[in-house]
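Since the structure comes first, as structure tokens, the remarks are kept for the end.
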Amino acid sequence: MLKLFKKVLVLAPHTDDGEIGCGGTISKLLEKKSEVFYVAFSSAKESLKQKGLNENTLIQEVKVATQSLGIKKKNLIIFDHKLRFFTSLRQEILEDMINLKNKLKPDLVLMPSLSDIHQDHITIAQEGLRAFKNSTILAYELIWNNLNFHNTMFVKLEKKNIKAKWDALKKYKSQKTRSYMNEEFIYSLARSRGVQIGTKYAESFEVIRWVI
Ligand SMILES: [Zn+2]
């Protein structure tokens, strides 16, 4: 079924959201020879600078992480919208997405859930729905930000896909203290979703729009 999708676009509000939400599925899509594009809408430059850190830290980490997952260097797109201010940058973000849609014409878009309570994530979900009117859209889960989540679609995964996901996430050294940047969490969520469908590992999605 994944072979249906030749061109896949992952919308990550921030660097790392895409790998956390659907890294295993990205790994499997790449195995099936889909062309995967990854766009991060913020690399948190300003907030890194304010904390006295190298403002390019997350740019460097997302490059290494997405390449580790198997995404081509040229298929990584990074915008520099201000962290936590996406709601006020809605129109610019929509225009970025429309340009991407015209250029890439993805048949599958992976994005955060419309029930995600993070202000930047919900903006990406709402504008993504507007911009990619003609594409299949699946929402990935970020459980600490999901008020609720409808597990309406599952992708069966193998251990190697979850390993590829965790190996990519480990590249975000600056984020390693986050509760979700944890090997046990990544594997146990994949096991939980697997148990729901009688397989060992899986990732779950909400079907937002399905185009056949
Ligand atoms: Zn995020």
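The values are calculated or read from the model by the stated rules, or taken from the named source; none is laboratory data. Because the structure is predicted, anything quoted here is derived from the model rather than measured. Counting neighbours? That spans all protein chains shown, and the Cβs are built from the backbone with ideal geometry, glycine included. All accessible areas refer to the heavy atoms of the entire protein, side chains included, with ligands and DNA or RNA removed. Shrake-Rupley method; radii C 1.70, N 1.55, O 1.52, S 1.80 Å.
Table: residues versus (1) open to solvent by 10 Å² or more (accessible area, probe 1.4 Å); (2) without any contact (Cβ under 8 Å) to a residue 12 or more places away in the chain; (3) more than 20 Å from Leu2 (Cβ to Cβ); (4) part of a loop (DSSP other than H, G, I, E, B).
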position: Lys74; (1), (2), (3), (4): yes, yes, yes, no
position: Leu83; (1), (2), (3), (4): yes, no, yes, yes
position: Arg90; (1), (2), (3), (4): yes, no, yes, no
position: Ile93; (1), (2), (3), (4): no, no, yes, no
position: Asn99; (1), (2), (3), (4): yes, yes, yes, no
position: Met111; (1), (2), (3), (4): no, no, no, no
position: Asp120; (1), (2), (3), (4): no, no, yes, no
position: Ile124; (1), (2), (3), (4): no, no, yes, no
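Selection over the stretch 1-24 of residues that are more than 16 Å from the ligand (Cβ to nearest atom), surrounded by 15 or more Cβ atoms within 10 Å (Cβ to Cβ) and not in a strand (DSSP E or B) gives a count of 3. Scanning the stretch 42-71 for residues that are touching a Lys or Arg at 6+ places or on another chain (Cβ under 7 Å), open to solvent by 30 Å² or more (accessible area, probe 1.4 Å) and not in a loop (DSSP other than H, G, I, E, B) gives Glu46, Val64, Gln67, Ser68. Residues that are open to solvent by 40 Å² or more (accessible area, probe 1.4 Å), free of Cβ contacts under 8 Å to residues at least 60 places away in the same chain and of a type in the set (Ser, Thr, Tyr): does the stretch 25-40 have at least one? No, every residue in the stretch 25-40 fails to be open to solvent by 40 Å² or more (accessible area, probe 1.4 Å), free of Cβ contacts under 8 Å to residues at least 60 places away in the same chain and of a type in the set (Ser, Thr, Tyr). The condition of being more than 16 Å from the ligand (Cβ to nearest atom), out of contact with any helix residue (DSSP H, G or I) (no Cβ under 8 Å at 6 or more places or on another chain) and open to solvent by less than 20 Å² (accessible area, probe 1.4 Å) holds for only one of Leu104, Leu129, that being Leu104.
Scanning the stretch 9-41 for residues that are of a type in the set (D, E, K, R) and out of contact with any Lys or Arg (no Cβ under 7 Å at 6 or more places or on another chain) gives Asp16, Asp17, Lys28, Glu31, Lys33. Are any of the residues in the stretch 195-207 crowded, with 16+ Cβ neighbours inside 10 Å, of a type outside the set (Gly, Ala, Ser) and closer than 19 Å to Pro106 by Cα? Yes - at least one qualifying residue is present in the stretch 195-207.
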